[in-house]
Every structure is written in structure tokens, then in C-alpha cells.
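One structure below.
The values are calculated or read from the model by the stated rules, or taken from the named source; none is laboratory data. Only a predicted model underlies this, so the values are computations on that prediction, with no experimental measurement involved. We place every Cβ from the backbone using ideal geometry, glycine too, and count neighbours over all the protein chains shown. To get the accessible areas, we keep the full protein, side chains included, count just its heavy atoms, and leave off ligands, DNA and RNA. Shrake-Rupley method; radii C 1.70, N 1.55, O 1.52, S 1.80 Å.
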Amino acid sequence: MSPDDLTAEAERQLRICTACMYCDGLCPVFPAIDNQHRFELSDLAYLSNLCHNCRGCWSVCQYTPPHPFAINLPTTLAALRQRSYADYLWPAALGHAFRRPFLSIAVVVSTALLFTLAAVLLSTSPAELFGADDSAGAFYRVLPWPMMAGAAGASLLWAMLCIALATVRYWRATAPPLPTNAILQALRPAFRDIVTLRHLGGGGPGCTDIDERPSHQRRIAHHVMVAGCMGTVLSTVVAAIYHKGFGWLAPYPLLSLPVMLGGVGGLAMLVGIGGLLTIEQRADRQPSDPHEAQLNVAFLILLALVTLSGLAVLALRETAAMGLLLILHLGLVFGFFLALPFTKAIHAPFRAAALLRAAAEAAISRPTARKPGD
Ligand code: SF4
Ligand code: SF4
């Protein structure tokens, strides 16, 4: 569908929903379109990121195909969502990468792997690379610490810069015409909605991802994956403090804080990713956009590869395979950061911005409580 056709189709469906409003209460999309009859491109970018693809409206709608109204909001909003990622990404030229997520990620990650391999070959001897060594500083005899930290820092900085600028562009286009004070007051409820994934609860019973029976599976899998990810980030921070603050060099003992946080965090990530991939694979295809499914799966597989390679380094660090596994893990980590801006990860800040606007508008439209004597 061309961009103009997609815009026209989204407007057509949203106008019917505005007249119907049967789904009001299912998610924040419906309060946001109440009484709205015209939808600018920025409104569509906002609404599409407010939708979290729970398919609740699909399972209760009386106007889905074969009804002539042919309402399919989850699919239409998913297509708009992907367009918003490409439209607001910085640098804009990278927007094309969203069209072929597997290919884009494969190109970036394999390039990062090749550079990592070249850096290792230039800086270490075959004896260091293939020898079994788990004494202090063994990882840095494969790739010196300044090169490892420099590549990780530069690729992470690139990801943060691109995602931050894309989010600023998205927010500028979709921000509500409200006083700054109203936006600031909405930060707290929006933060609560983001952290608890409140809307994945579908107003209580959960999402209808797989069939019409609501469940909390996606919300739980998402929480487990994010908690695991935070564990691995914390592990890296603690390891950096050990290294720079105390001069204690990795690898650390199995019962040390960085290893326990990284190990448990990595396993939790795999459980969460496995849950999300299973839901994606079993999900009802009709109310979904196949391209968005590709974007989700490509990102989850990349995250799983990074996690698995990290756990493999941990499990086999005393063997001769450690050197090659470390190259694989570092290359995947650098590639992950470099590819991050054009993966599904961009949905997180865009959705956070959309939830902030929804919270600010909800606070403004909420009737003020009557005071005694009014
Ligand atoms: S999705 Fe269907 S039932 Fe829900 S508001 Fe729109 S038209 Fe009405
Ligand atoms: S799929 Fe879920 S979140 Fe999206 S519009 Fe329908 S009810 Fe709302």
C-alpha cells in the first residue's frame, strides 16, 4: 500500500471508530480519537505508537472483514507505526533499513564481527587466542581493554545519539499544544504506565495475542526480558567499577557479583525472548502486519544471539574456545549497538513519548473534582 493509500485507509477506519467508540476503555487510542474527525500525519504517528498491538479491538469489533467496513485497526496502526520509525529516524537515510530488517542487521553485525576479528588478529598472538587461559586479564590478552572499551563506547554512543535525536524529532512533530507545566505533571503517570506496561493488561484481562482468550503472557515475557537486560547492564557497570576502581581484572569468580548478575540476567533474557518469540510465532496472523512481525523477530533473534554468546563465554572461559567465543560476543555486542537505531528498539522511546502525550491530555480533559459547597 502506498503511503497516501495507507493514510487514507487509516483515516477511513479511525472515522468509523470515532463514530462507534465501542472499544473505548480497551486502550488509550480510543480516548485519543474521541470526537476527532480529521487526522493529520502527526496524529497518525502519535496514535500508531499509542497502540501496543494487543488486538483487543479486533476480537470485539463487529465491523471486521467480511463486513464491508473492513475494520482492522491492529494491522493499519502497525503499518503506520513502521512508517513513523522511518519518518523520524536520524540520520533519515537509515530509514530504508527498516524495510529489510534481517538484511540490514546481518550487514551491520557481520561488518562489526569482521572488524573485531581484524582488531584481535592485529593485536594478539595465536598462542593467546587459542590457549586455555582464565587467569586475571585473560579477556584483555585477546583484545586489549582500551580497544574493547573504545569500540563498545563508540557504538553505544552512536545508538544513543541516533535514538535520542529520532525521539526529539518524533516528539516535536506529535507534542500536544499544552503548557509545559501540564507535560511535566504528566511525567509521573506516564512513567508508571511505561514501567508497569499497564496497557499490556488490556484494561485488566490482558492481550488477545494468540486467540480471543486474553492473557498476560506478553506482559510477563516483556517484564522478564527487561529485568534480565537490566541485570546484564548492572553486571557490566559493576565489572567496570571493579576494573577501574579497584584494579580487579576479569574474568571474575563464579560467585562474584558481575558473574552472578550477568548469568542470572542472561538466563532471564533468554526466557523472556523465548516467550515473546513463541507468542509471535503462534499469534493470529489476520490482525497483524507481516512486516512488523519481521521487525520484532529480527530484533529478538539479535538480542538472543548477543545473550547466548555472552553466556557461552561465561560457561567456556576456562577452555581454548574462550578466545573465539569472546570475538563472537564482542562483535555481536558492537553490531547490536550499531544496528539498534533501526531495530524495533526505536518503539520504546516513541511509545514513551506517545504515553506522555496521552497522560497530559487525559489530565487536562479529566473533570475537576467538585469542592464541598460548589
Ligand atoms: S474497532 Fe470496531 S468496535 Fe472498536 S471502535 Fe472501531 S469500529 Fe467500533
Ligand atoms: S490493537 Fe489494542 S492497543 Fe491497538 S488500537 Fe486495538 S485495542 Fe488499542
Give the residues of the stretch 207-249 that are more than 17 Å from the chain's Cα centre (by Cα), under 20 Å from N296 (Cβ atoms) and open to solvent by less than 60 Å² (accessible area, probe 1.4 Å), sorted by residue number. C207, T208, D209, I210, D211, S215
Collect the residues in the stretch 185-206 that are assigned to a loop (DSSP other than H, G, I, E, B) and open to solvent by less than 30 Å² (accessible area, probe 1.4 Å), keeping them in residue-number order. G202, G206
Pair list, Cβ < 7 Å and 6+ apart or interchain, from the stretch 132-159 residues that are in contact (Cβ under 8 Å) with a residue 40 or more places away in the chain to residues that are in a helix (DSSP H, G or I) and surrounded by fewer than 17 Cβ atoms within 10 Å (Cβ to Cβ): V142/E128; L143/S123
Among the residues of the stretch 55-66, write down those that are assigned to a loop (DSSP other than H, G, I, E, B) and near ligand 2 (Cβ under 10 Å from one of its atoms). R55, C61
When the stretch 333-360 is checked residue by residue, the ones that are open to solvent by 10 Å² or more (accessible area, probe 1.4 Å) and under 30 Å from P253 (Cα atoms) are V333, F334, F336, F337
Within the stretch 12-31, how many residues turn out to be open to solvent by less than 20 Å² (accessible area, probe 1.4 Å) and in a helix (DSSP H, G or I)? 6
Of the conditions (1) within 13 Å of ligand 2 (Cβ to nearest atom); (2) surrounded by 15 or more Cβ atoms within 10 Å (Cβ to Cβ); (3) over 17 Å from the mean Cα position of the chain (by Cα), R81 clears all except one; give me its number. (3)
For the stretch 276-284, check the following and say yes or no: at least one residue is modelled with pLDDT under 95, acidic (D, E), within 30 Å of A70 (Cβ to Cβ) and out of contact with any strand residue (DSSP E or B) (no Cβ under 6 Å at 6 or more places or on another chain). yes
Say we look at the stretch 251-282 and pick out the residues that are in contact (Cβ under 8 Å) with a residue 60 or more places away in the chain and either among the β-branched types (V, I, T) or surrounded by fewer than 20 Cβ atoms within 10 Å (Cβ to Cβ) (or both); which of these is nearest to L328 (Cα to Cα)? I279
Within the set of pairs 6+ apart or on separate chains, which have a first residue in the stretch 11-31 that is within 8 Å of ligand 1 (Cβ to nearest atom), a second that is open to solvent by 50 Å² or more (accessible area, probe 1.4 Å), and C-beta atoms under 6 Å apart? I16/F69; L26/G203; F30/D24
Which condition from (1) in a helix (DSSP H, G or I); (2) open to solvent by 30 Å² or more (accessible area, probe 1.4 Å); (3) out of contact with any Pro (no Cβ under 7 Å at 6 or more places or on another chain) is the one that F69 breaks? (1)
So for the stretch 48-57 (the condition being outside the structural domain of L303 (by TED's automatic domain parsing) and surrounded by fewer than 18 Cβ atoms within 10 Å (Cβ to Cβ)), does at least one residue qualify? no
So which residues in the stretch 32-52 are more than 10 Å from ligand 1 (Cβ to nearest atom) and in a helix (DSSP H, G or I), if there are any at all? A32, L41, S42, D43, L44, A45, Y46, L47, S48, N49, L50
I'd like to check which helices (runs of 4 or more DSSP H) are fully inside the stretch 78-157 and have at least 3 residues that are among the β-branched types (V, I, T). 101-123
